[in-house]
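The values are calculated or read from the model by the stated rules, or taken from the named source; none is laboratory data. Computed from a predicted model, the values in this text were never measured in an experiment. Every residue, glycine among them, receives a Cβ derived from its backbone with ideal geometry; neighbour counts consider all protein chains shown.
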Amino acid sequence: MGIDAASTPTGPLQGVRIIDLSAVVSGPFGTSILADQGADVIMVEQAHAPDLIRSSGPLADSAQGVSAPFNSINRNKRSITLNLKHDDGKALLKRLVAEADVVVQNFRPGALDRLGVGWEDLRQVNPQLIMCSISGFGSDGPYSHRPAFDPVVQCISGYPVVQAAGGRPTLMGTIVCDKVTSLNVAQAICAALVARANGHGGQHIELAMVDASIHFLWPEAMWNHTYLDHDVEMPELTALYRLFPTIDGWALVYSVSTDPQWQGMCRAFGRADLATDPRFVDLQARTRHSVEMNDEIEKETGRYTTDELVQLMDSHDVPVAPVNTRQAVIDDPHVRHRNIVVESEHPTAGRMRNVRPPALFSATPAQLRLPAPTFGQHTDEVLHSLLGLDDDAVAALRADGVIA
């Protein structure tokens, strides 16, 4: 699957128009999912202030602001520029919103209201509007005024302690809180679209990164803090899950599995003693004695190369995986077979890798149809086609600083 800019959207959200006022990751990654699924996403960048993610991470000189992460997060979108501090910029936004289905924004709480383009203002021009407002900590509470970036929210939500394995707290090596919030953005917007189709009209959605992040973390990371009437103490997943050394690398043998899979592992290693050991008799026992269990497994894995261990476990239906490097992920035969990683030619950034949309729709397939836009690339196109402005009107707006 490559990018085909000439293709017509075919995804399940074809016909849905989204005005995306959000920036960086927590909003844009969510709207990219909707764009992949056929929505017409018009990202509004602040005139003379490109999205910060354009200059984050690897950025080729010739790419014109299409950095590696920007390319992934903003594909299938059109970019326009508006000065929302200018009355004409606000007026143009309202005209766009009048013809849209959804607005997404992640300004600090209250910022758009002070500009006169908040929820109460925009619902006046489009009563059927769905608006999703994203923030770090929500619109109220003692932290609501704070600037929020992923590591900040990770710390409030407990991720570094969950990662610590009993030692020094460690941030996750990915912007998990931003991306988890984005998944909720995409899902909540789709739910609101269904509600509107069922006669409930437009509505305002509030999503706080801290809310989404604790919700995501809770089921297993907080399992010792769930029962209120019973004293329980289960090992953390950092004790349950261990990566095992092999002759030439590392592998995961998933040991806290079903009883047949545990027995299969014992047979594969020739360890009949483990198969009958009362400490490992069932899932609860293996969980409670996970350290001892993993110590026993580690005695065995070092006798094999990674490939040998994977093949041995697979032949006994034991969950197993090599610990792939980044390049090995790209080269993995299953990843290649599934066409998960695709290549395309970007007009300014050259050949680039991307990841295809993960959801495979049988009747309304998602597409990679538009490369990530340069700053304000589609401003003239959108103002001409959607608002009917002629070249002179667009030139006057540019001269007045309303658009870049």
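Across the stretch 309-327, the qualifying residues are those that are surrounded by 13 or more Cβ atoms within 10 Å (Cβ to Cβ), of a type outside the set (A, V, I, L, M, F, W, C) and in contact (Cβ under 8 Å) with a residue 12 or more places away in the chain, and the one among them that is farthest from ARG279 (Cα to Cα) is PRO322.
Does the stretch 191-205 contain at least one residue that is over 30 Å from SER22 (Cβ atoms), free of Cβ contacts under 8 Å to residues at least 24 places away in the same chain and not acidic (Asp, Glu)? For the stretch 191-205, residues over 30 Å from SER22 (Cβ atoms), free of Cβ contacts under 8 Å to residues at least 24 places away in the same chain and not acidic (Asp, Glu): absent. Could you tell me which residue of the stretch 113-135 is nearest to PHE149 (Cα to Cα), considering only residues that are of a type in the set (A, V, I, L, M, F, W, C) and surrounded by 22 or more Cβ atoms within 10 Å (Cβ to Cβ)? That would be ILE134. Taking the stretch 346-372 as the range and being farther than 17 Å from ILE33 by Cβ and either out of contact with any helix residue (DSSP H, G or I) (no Cβ under 8 Å at 6 or more places or on another chain) or of a type in the set (S, T, N, Q) (or both) as the test, the residues that pass are PRO347, THR348, ARG351, SER362, ALA363.
Only one of the listed residues (ASP51, ASP87) is buried (at least 20 other Cβ atoms within 10 Å of the Cβ), under 24 Å from ARG114 (Cβ atoms) and among the acidic types (Asp, Glu). That residue is ASP51. Just to be sure I understand the filter: pairs with C-beta atoms under 8 Å, separated by 6 or more residues or on different chains, first member in the stretch 361-377 and in contact (Cβ under 8 Å) with a residue 60 or more places away in the chain, second member of a type in the set (Val, Ile, Thr) and outside any loop (DSSP other than H, G, I, E, B). Which pairs pass? Within 8 Å, the pairs are LEU368/VAL342; ALA372/ILE73; PHE375/THR81; GLY376/ILE80; GLY376/THR81. Of everything in the stretch 254-280 that is in contact with a Pro (Cβ under 8 Å, 6 or more places away or on another chain) and hydroxyl-bearing (Ser, Thr, Tyr), the residue that is farthest from ILE297 (Cα to Cα) is SER257. Consider PHE149 carefully, then state whether it is at pLDDT 95 or above, surrounded by 15 or more Cβ atoms within 10 Å (Cβ to Cβ), touching a Phe, Trp or Tyr at 6+ places or on another chain (Cβ under 6 Å) and among the aromatic types (Phe, Trp, Tyr). No: the conditions fail for PHE149.
Quick check on the stretch 240-253. Is at least one of its residues outside the structural domain of VAL24 (by TED's automatic domain parsing) and assigned to a helix (DSSP H, G or I)? Yes, the stretch 240-253 contains a residue that is outside the structural domain of VAL24 (by TED's automatic domain parsing) and assigned to a helix (DSSP H, G or I). With respect to VAL24, determine if the residue is outside any helix (DSSP H, G or I), in contact (Cβ under 8 Å) with a residue 24 or more places away in the chain and surrounded by fewer than 22 Cβ atoms within 10 Å (Cβ to Cβ). So VAL24 passes the test. Looking only at the stretch 47-62, residues that are touching a residue at least 12 places away in the same chain (Cβ under 8 Å) and more than 23 Å from the chain's Cα centre (by Cα) come to 4 in all.
The selection criterion, being within 19 Å of THR8 (Cα to Cα), assigned to a strand (DSSP E or B) and in the same structural domain as GLN46 (by TED's automatic domain parsing), does not hold for GLU381.
So, ALA68, is that one surrounded by fewer than 24 Cβ atoms within 10 Å (Cβ to Cβ), over 20 Å from the mean Cα position of the chain (by Cα) and aliphatic (A, V, I, L, M) or not? Spelling it out, it is not the case that ALA68 is surrounded by fewer than 24 Cβ atoms within 10 Å (Cβ to Cβ), over 20 Å from the mean Cα position of the chain (by Cα) and aliphatic (A, V, I, L, M).
Of the candidates VAL185, VAL194, the single residue that is in the same structural domain as PRO109 (by TED's automatic domain parsing), within 15 Å of the chain's Cα centre (by Cα) and within 22 Å of ASP36 (Cβ to Cβ) is VAL185. Given the criteria closer than 22 Å to ASP400 by Cβ, touching a helix residue (DSSP H, G or I) at 6+ places or on another chain (Cβ under 6 Å) and either modelled with pLDDT under 95 or in the same structural domain as ALA192 (by TED's automatic domain parsing) (or both), does LYS90 qualify? No. So ASN224 ticks every box in (1) in contact with a helix residue (DSSP H, G or I) (Cβ under 7 Å, 6 or more places away or on another chain); (2) not assigned by TED's automatic domain parsing to the domain that holds VAL41 but one. Which box is left unticked? It is condition (1) that ASN224 fails. The condition of being assigned by TED's automatic domain parsing to the domain that holds ASN354, part of a helix (DSSP H, G or I) and touching a helix residue (DSSP H, G or I) at 6+ places or on another chain (Cβ under 9 Å) holds for only one of ARG54, ARG114, ARG78, that being ARG54.
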